[in-house]
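**Student:** Pasting a structure below so you can have a look.
The values are calculated or read from the model by the stated rules, or taken from the named source; none is laboratory data. The model shown is predicted, which means the values in this text are computed figures rather than measured ones. Cβ sites come from the backbone with ideal geometry, for glycine too, and all protein chains shown count toward neighbours.
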Amino acid sequence: MEGRKIRGIWGNKSRGRMHLLLVSVTLNLVLLSGLLYERGRRAFSEEKEQVLPGFCPATEVKKMGSLEVESRISSGRGWTEEGRVQKLSSDSVIINLDHGDPTMFESFWRKTGEKSTIIIPGWEKMSYFSDVRNICWFLEPEFAEEVKELHKLVGNAETEGRHIIVGTGSTQLYQAALFALSPSDAPEPMNVVSATPYYSSYPSVTDFLKSGLYKWAGDAYTFDRDGPYIELVTSPNNPDGFARQPVVNREGGKTIYDLAYYWPQYASITAPADHDLMLFTVSKSTGHAGTRIGWALVKDPEVARRMTKYVELNTIGVSKDSQLRAAKILRAVRGGYEGEQESGDGETLKFFDFGRLLMAERWDRLRDAVRKNPIFSLPEFPTAYCNFAGESGTSHPAFAWLKCEAEHVDDCESFLRSNRILTRSGRQFGGDSRYVRVSMVDRDETFDVLIDRLNIIR
Ligand SMILES: Cc1ncc(COP(=O)(O)O)c(C=O)c1O
């Protein structure tokens, strides 16, 4: 009995211990499996959706509309969770080189500190008006001055005898120019043409409001209608990077020169452009696309007046805050060449030198990768003397006009998409689907992945 009792007590105690042991083991197992599951889940999602700053996980691309993808990618933020950002094998990320978002210049501007920073007190620049004596009454004199100084420094455009019209990007000024050059009493809308491959936004921007004044008429090479027309000449050209001249050259024609890329980092500056209507933008000259400031240099005061009217009716002027920021940025570029601009470590900050070097390096790497891969080819550019740099060189355009040469590829954009590189199809430029436009002005890490990938695609 005693013994049984004792055994019984022992038995109960050991059962209790066994219970405790079992509970503890179970708890540990639950915890451990939880940890393992979480690790596994992360490892799985990392494997499937490796992300770098400026890159987009595959599942997000599927979920988002293309514009949203653009903004999230180009912001380069939001994908940088701790532990997930690392140099990864390039075959698992999607890179988006469809837009020409000039983020590669960020690294330069980071170094310029206060020289490119503005503060605007709450009470300042509240009025609609900037300079009522000027045809363009919303043009900030400070900005106008810097535009003239920058063209003088670079030697890429005549400003003497021109009116400066400021716009919300050169996109607004393009529309203002169409409005200004189209007679308001013509029986038919003006035909608007540009030689293929032309900048892909021209057709949609021209026609999206179905204006009665002008309409998109396509490729300038095949334009054979009589009567007045407007030709858009983009030089250097987007998408293919070549210098351009008008191709229609007929009586009654007017020309808009879109010179967004006529800057030393992209092309040799051979002479100051001297046309009746020229468009420029800080988006491409300094990389400040988000500031949304462009300018037109216009000879004819009547055209300048009508362009001003367009901007007045469209947006009642242009943000003064942005004009002041643009003025400060242009001033900082100039300062670099007047010996004023230095980084913290005493390095002289010359924007165009930085841009030229970086673009040349990128093009060398791209050409090298394309040379080794029989699937692709690139255009060759002539050498020209650059007055600004004081040396001969070739162009390094903001976009690569890449051709898929391989027989098994007849749609280059889809082919690259299947290799997780988003580009813009040649079809969107009035061209053919064996070509794509690839942005050359994204951040370094995106460009590195492009090169890695072009090296292995077969
Ligand atoms: C030839 C050309 N013109 C104009 C623009 C638009 O410039 P903005 O940002 O000033 O509207 C672009 C942008 O890519 C462009 O490539």
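So that you can scan it fast, the table gives a plain yes or no per residue for (1) acidic (Asp, Glu); (2) at pLDDT 95 or above; (3) not assigned by TED's automatic domain parsing to the domain that holds residue 155:
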residue: 380; (1), (2), (3): yes, yes, yes
residue: 388; (1), (2), (3): no, yes, yes
residue: 401; (1), (2), (3): no, yes, yes
residue: 406; (1), (2), (3): no, no, yes
residue: 412; (1), (2), (3): no, yes, yes
residue: 416; (1), (2), (3): no, yes, yes
residue: 428; (1), (2), (3): no, yes, yes
residue: 434; (1), (2), (3): no, yes, yes
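**Student:** Same structure again: Determine whether region 235-248 contains at least one residue that is aliphatic (A, V, I, L, M) and farther than 30 Å from residue 318 by Cβ. Don't jump to the end; show me each part of the working.
**Tutor:** First pass over region 235-248, keeping only residues aliphatic (A, V, I, L, M): 243, 247-248.
Checking which are farther than 30 Å from residue 318 by Cβ leaves us with 247-248.
Checked against the condition, which is being aliphatic (A, V, I, L, M) and farther than 30 Å from residue 318 by Cβ, region 235-248 yields at least one hit.
**Student:** Still on this structure: For region 319-359, give me each residue that is crowded, with 22+ Cβ neighbours inside 10 Å, touching an Asp or Glu at 6+ places or on another chain (Cβ under 7 Å) and within 17 Å of residue 156 (Cβ to Cβ).
**Tutor:** 330
**Student:** Shifting gears a bit: Is it true that residue 181 is more than 16 Å from the ligand (Cβ to nearest atom) and touching a residue at least 60 places away in the same chain (Cβ under 8 Å)?
**Tutor:** yes
**Student:** Checking the structure you have, find out if any residue of region 184-191 is touching a residue at least 40 places away in the same chain (Cβ under 8 Å) and within 30 Å of residue 222 (Cα to Cα).
**Tutor:** Applying the first criterion (touching a residue at least 40 places away in the same chain (Cβ under 8 Å)) to region 184-191 yields 186, 190.
Narrowing the set further to residues that are within 30 Å of residue 222 (Cα to Cα) leaves 186, 190.
Yes - at least one qualifying residue is present in region 184-191.
**Student:** Go through (1) closer than 13 Å to residue 376 by Cβ; (2) part of a strand (DSSP E or B) one by one and return the number of the condition residue 450 breaks.
**Tutor:** Of (1) closer than 13 Å to residue 376 by Cβ; (2) part of a strand (DSSP E or B), only one is false for residue 450: (2).
**Student:** Right, here's the next one. Of all residues in region 319-371 being among the basic types (Lys, Arg) and touching a helix residue (DSSP H, G or I) at 6+ places or on another chain (Cβ under 7 Å), which is nearest to residue 290 (Cα to Cα)? Give the derivation first.
**Tutor:** Of the residues in region 319-371, the ones among the basic types (Lys, Arg) are 320, 325, 328, 331, 334, 350, 356, 362, 365, 367, 371.
Narrowing the set further to residues that are touching a helix residue (DSSP H, G or I) at 6+ places or on another chain (Cβ under 7 Å) leaves 325, 328, 331, 334, 350, 362, 365.
Working: 325: 11, 328: 15, 331: 18, 334: 21, 350: 22, 362: 23, 365: 28 Å.
Here the residue is 325.
**Student:** Let me ask you something else. Test residue 270 against the stated conditions and say whether it is away from the ligand (no atom under 13 Å from the Cβ), closer than 22 Å to residue 162 by Cβ, surrounded by fewer than 20 Cβ atoms within 10 Å (Cβ to Cβ) and at pLDDT 95 or above. Reasoning before the result, please.
**Tutor:** Values: away from the ligand (no atom under 13 Å from the Cβ): yes; closer than 22 Å to residue 162 by Cβ: yes; surrounded by fewer than 20 Cβ atoms within 10 Å (Cβ to Cβ): yes; at pLDDT 95 or above: yes.
Spelling it out, residue 270 is indeed away from the ligand (no atom under 13 Å from the Cβ), closer than 22 Å to residue 162 by Cβ, surrounded by fewer than 20 Cβ atoms within 10 Å (Cβ to Cβ) and at pLDDT 95 or above.
**Student:** Answer with yes or no whether residue 143 is assigned by TED's automatic domain parsing to the domain that holds residue 273, touching a strand residue (DSSP E or B) at 6+ places or on another chain (Cβ under 8 Å) and aromatic (Phe, Trp, Tyr). Steps first, answer last, please.
**Tutor:** Values: assigned by TED's automatic domain parsing to the domain that holds residue 273: yes; touching a strand residue (DSSP E or B) at 6+ places or on another chain (Cβ under 8 Å): yes; aromatic (Phe, Trp, Tyr): yes.
Taking the combined requirement at face value, the residue satisfies it.
**Student:** Sticking with this structure for a sec: Among the residues in region 202-215, are any surrounded by fewer than 17 Cβ atoms within 10 Å (Cβ to Cβ), in the same structural domain as residue 232 (by TED's automatic domain parsing) and within 16 Å of the ligand (Cβ to nearest atom)?
**Tutor:** yes
**Student:** Follow-up. Would you please list the contacts, defined by Cβ atoms under 6 Å and residues six or more apart or on different chains, that run from a residue in region 272-293 that is more than 16 Å from residue 174 (Cβ to Cβ) to a residue that is more than 9 Å from the ligand (Cβ to nearest atom) and of a type in the set (S, T, N, Q)?
**Tutor:** If the second residue must be more than 9 Å from the ligand (Cβ to nearest atom) and of a type in the set (S, T, N, Q), the pairs left are 291/322.
**Student:** Also: Taking the condition out of contact with any strand residue (DSSP E or B) (no Cβ under 9 Å at 6 or more places or on another chain) and polar (S, T, N, Q), does residue 319 pass? Show your work before the answer.
**Tutor:** Details: out of contact with any strand residue (DSSP E or B) (no Cβ under 9 Å at 6 or more places or on another chain): no; polar (S, T, N, Q): yes.
The answer is no for residue 319.
**Student:** Considering each residue of region 274-309, count those that are more than 14 Å from the ligand (Cβ to nearest atom) and either part of a strand (DSSP E or B) or under 18 Å from residue 202 (Cα atoms) (or both), and give that number. Give the derivation first.
**Tutor:** Kept after step one, since they are more than 14 Å from the ligand (Cβ to nearest atom), are these residues of region 274-309: 274-276, 297-309.
Okay, now just the ones that are also either part of a strand (DSSP E or B) or under 18 Å from residue 202 (Cα atoms) (or both), so 297-298, 307.
Total meeting the criteria: 3.
**Student:** Six or more apart or on different chains, Cβ atoms under 9 Å: show the pairs whose first residue is in region 224-253 and within 18 Å of residue 181 (Cα to Cα) and whose second is assigned to a loop (DSSP other than H, G, I, E, B) and hydroxyl-bearing (Ser, Thr, Tyr).
**Tutor:** 228/182; 230/182; 232/198; 232/199; 234/198; 234/199; 234/261
**Student:** Evaluate region 245-259: report whether one residue or more is of a type in the set (A, V, I, L, M, F, W, C), within 14 Å of the ligand (Cβ to nearest atom) and within 24 Å of residue 353 (Cβ to Cβ). Show your work before the answer.
**Tutor:** Residues of region 245-259 of a type in the set (A, V, I, L, M, F, W, C): 247-248, 256, 259.
With within 14 Å of the ligand (Cβ to nearest atom) added as a condition, the list becomes 256, 259.
If we keep only those that are within 24 Å of residue 353 (Cβ to Cβ) as well, we get 259.
Yes, region 245-259 contains at least one residue that is of a type in the set (A, V, I, L, M, F, W, C), within 14 Å of the ligand (Cβ to nearest atom) and within 24 Å of residue 353 (Cβ to Cβ).
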